[in-house]
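Below: one structure, written as structure tokens.
The values are calculated or read from the model by the stated rules, or taken from the named source; none is laboratory data. Predicted, not measured: the structure shown is a model, and the values here were computed from it. Cβ atoms come from the backbone with ideal geometry, glycine included; neighbour counts cover every protein chain shown.
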Amino acid sequence: MARILLAEDDDSMRGFLAGALERAGHEVVSCADGDEGLDALRSTPTDFDLLLTDIVMPGVDGIELARKAAEKDKNLKIMFITGFAAVALNPGHQAPKDAKVLSKPFHLRELVAEVERVMAA
């Protein structure tokens with residue numbers, strides 16, 4: 001299964017997402033915001049397969065986190081979870097071109113299925 005870096009500033013949402021992904025067999029490293037996500041990218045010796053990040057977060061936002069993560073690992077798959085899908089799709093924000101966007105609200109089963117599709121691609 002996949003090794004996932006999850007960055008979500010809502011504590012409850014982060015817990016639900018991590019739990020669903022772990023039950024599906026994935027290894028999840030959870031971060032409360034983009035700053036923690038950057039720290040995890042720098043300090044974790046093993047590469048991640050997928051970055052799953054909210055876009056709108058205090059400090060480093062999800063798009064900046066995704067850009068920096070993609071610079072570190074060009075094979076990293078990126079998936080945004082957001083209530084503001086138009087933000088991720090705006091070319092002016094320079095989100096990584098192959099990033100997938102999953103708009104909130106979504107069901108946890110939908111998230112797990114989408115992660116499986118992204119990882120299989």
Exercise for the section: Please go through segment 45-76 and pick out each residue that is outside any helix (DSSP H, G or I), within 22 Å of Ala121 (Cα to Cα), touching a strand residue (DSSP E or B) at 6+ places or on another chain (Cβ under 9 Å) and not acidic (Asp, Glu). Expected result: Thr46, Phe48, Leu50, Leu51, Leu52, Thr53, Leu76
Completion exercise
Leu6 passes all but one of the listed conditions (1) of a type in the set (A, V, I, L, M); (2) buried (at least 16 other Cβ atoms within 10 Å of the Cβ); (3) over 21 Å from Arg109 (Cα atoms); the exception is number (3)
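Is there a residue in segment 89-107 that is outside any loop (DSSP other than H, G, I, E, B) and at pLDDT 90 or above? Walk me through it before giving the result.
Initial filter on segment 89-107 (outside any loop (DSSP other than H, G, I, E, B)): 89, 91-93, 100-103.
Now narrow it down to the ones that are at pLDDT 90 or above: none.
No, there is no match, as no residue in segment 89-107 is outside any loop (DSSP other than H, G, I, E, B) and at pLDDT 90 or above.
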Practice task
List every residue pair whose Cβ atoms sit under 9 Å apart, with the two residues 6 or more apart in sequence or on different chains, where the first one lies in segment 10-26 and is at positive phi and the second, anywhere, is of a type in the set (A, V, I, L, M) and assigned to a loop (DSSP other than H, G, I, E, B).
Solution key: Gly25/Met1; Gly25/Ala2
Practice task
Answer with yes or no whether Leu21 is modelled with pLDDT of 90 or more, part of a helix (DSSP H, G or I) and surrounded by 22 or more Cβ atoms within 10 Å (Cβ to Cβ).
Solution key: yes
Exercise for the section: With respect to Gly37, determine if the residue is modelled with pLDDT of 95 or more and either under 20 Å from Arg117 (Cβ atoms) or surrounded by fewer than 19 Cβ atoms within 10 Å (Cβ to Cβ) (or both). Expected result: no
Fill in the blank from the handout: Exactly one of Arg42, Arg14 is over 18 Å from Val118 (Cα atoms), in a helix (DSSP H, G or I), at pLDDT below 95 and not aromatic (Phe, Trp, Tyr), and that residue is Arg42
